[in-house]
Amino acid sequence: MNNLYQPVNCEITDIIDESPTIKSFVVVPQEPFSFKTGQFVELTLPGEGEAPFTPSSSPAQTEKMEITIMKAGKVTALLHQCKKGQKVGLRGPYGNGYPVDEFAGKDVYIVGGGVGLAPIRSLFLTLVNRIKDFKSVVCRFGARTPNDFIYKKDLFGPWQKINGVDIRLTVDKANGDWNGNVGVVTTILKPDDVNISNSVAVVCGPPIMMKYATLKLIEFGFKPESIYLSMEKNMSCGFGKCGHCMIGKYYVCKDGPVFTFDKMKPYSHIWD
Ligand SMILES: Cc1cc2nc3c(=O)[nH]c(=O)nc-3n(C[C@H](O)[C@H](O)[C@H](O)COP(=O)(O)OP(=O)(O)OC[C@H]3O[C@@H](n4cnc5c(N)ncnc54)[C@H](O)[C@@H]3O)c2cc1C
Ligand code: FES
């Protein structure tokens, strides 16, 4: 029987400084590595430990994967010190991912902030790849300051010019030559951004943002089952054995990490 904990050997071939606390790593596996957008992987730094991350690259790309990592603690701080050529391991993919086929024919309303843009980038690239299948892709993203936005090169330029895509950005605090909106992300959510009766919403970001964005979407009239949330919990095994990741009756690693709000509503205190 295969050892479920055995990682695939990989090498870090490039590192991109995204913001003062976030870096993206280009990881090349020894063999092609497939995943569904929204699924997660366990990234191992040999001899040090491992942590779960959602790839930020398109699943169409199996020869290399991009993983965007915010410095949060022991493993992520060590990963931030890695140089090109560092050997790492990948195991997975785990979890359910976004049900992209169910989004067909609808407006997809994506609300994100901070490092939450990592899974969103993978989803965005997947949607854009078949943009004609969706009514529109409407993105509302926030960051603390303009410099804290990740994927600045794509976000401030090419992504805004894609037909069928509508992007608005906001910052909590402006500086430099920022002339966009100032305020938390909920200040740029408007009920007429999308046709709510034929839309799905995707929310990913810090817990406080997930809470208030979801409440706003409910206030606009979104059905709880049309709001997709990317949940995070401390994890260990990644595949439903250890129980570390449970929220109520759900294993975030196996039943999630993507949940509709109707499932998470009884546990929304975890955002407080
Ligand atoms: C499904 C999933 C996908 C994720 N995707 C990404 C991603 O794409 N990019 C990214 O930067 N991070 C992501 N994370 C979060 C990332 O896994 C944690 O930041 C990482 O495990 C921290 O490890 P560490 O050893 O550096 O920190 P530790 O030293 O273990 O912990 C530092 C602090 O962070 C807390 N912590 C640890 N793990 C988590 C967690 N999962 N959620 C909240 N607090 C935590 C600890 O309790 C502690 O207070 C994801 C988490 C999950 C569960
Ligand atoms: S991480 Fe072990 S059961 Fe989910």
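This model, with +1 at the C-beta of Lys and Arg and -1 at the C-beta of Asp and Glu, gives the range 145-199 a dipole about its Cα centre of some 100 debye.
When the Cα positions of F40, Y267, S122 are compared along the charge dipole of the chain, Y267 comes out farthest toward the positive end, with charges on each C-beta of Lys, Arg, Asp and Glu. Here's the picture: charge each Lys and Arg Cβ at +1 and each Asp and Glu Cβ at -1 in the range 117-234, and of S136, F220, M209 the one pushed furthest to the positive end of that dipole is S136.
Put K153, K64 in order of accessible area, highest first, and with a 1.4 Å probe you get K153, K64. The angle between the Cα long axis of helix 117-129 and the main principal axis of the chain comes to about 70°, on a 0 to 90 degree scale.
The angle between the Cα long axis of helix 207-220 and the main principal axis of the chain comes to about 30°, on a 0 to 90 degree scale. The portion of the accessible surface of the chain made up by carbon and sulfur, rounded to a whole percent, is 50 (1.4 Å probe; DNA, RNA and ligands excluded). Sketch the reach of a paramagnetic label on K135 as a point 7 Å from Cα along Cα-to-Cβ, and name the residues of the range 158-174 whose backbone nitrogen lies under 17 Å away. Inside the label zone: 164-167. On a per residue basis, the chain carries 47 Å² of accessible surface, using protein heavy atoms and a 1.4 Å probe. Debye-formula intensities of the range 170-231, expressed as log10 I(q)/I(0) at q = 0.27 Å⁻¹, are -1.17 (one equal scatterer per alpha-carbon, no solvent). For the chain, the normalised intensity computed at q = 0.10 Å⁻¹ comes to -0.49 (log10 of I(q)/I(0), Debye sum over alpha carbons, equal scatterers, no solvent). Placing +1 on the Cβ of every Lys and Arg and -1 on the Cβ of every Asp and Glu, with no other charges, gives the range 25-77 a dipole of roughly 180 debye about its Cα centre. Computed FRET efficiency, Cβ-Cβ of S268 and W178, R0 35 Å: what is it to the nearest 0.05? Given R0 = 35 Å and the Cβ-Cβ separation, E is 0.60.
Fully extending the segment from E219 to Q6 would add 72.1 nm, taking 0.36 nm per residue of separation and subtracting the current Cα-Cα distance. Evaluated with a Cβ-only charge set (Lys, Arg +1; Asp, Glu -1), the range 136-264 carries a dipole of roughly 300 debye about its Cα centre, given to the nearest 20.
The values are calculated or read from the model by the stated rules, or taken from the named source; none is laboratory data. Model, not experiment: these values are computed from the prediction. Glycine gets a Cβ as well: all are built from the backbone with ideal geometry, and neighbour counts include every protein chain shown. SASA here: full protein model, heavy atoms, side chains in, ligands and nucleic acids out. Shrake-Rupley method; radii C 1.70, N 1.55, O 1.52, S 1.80 Å.
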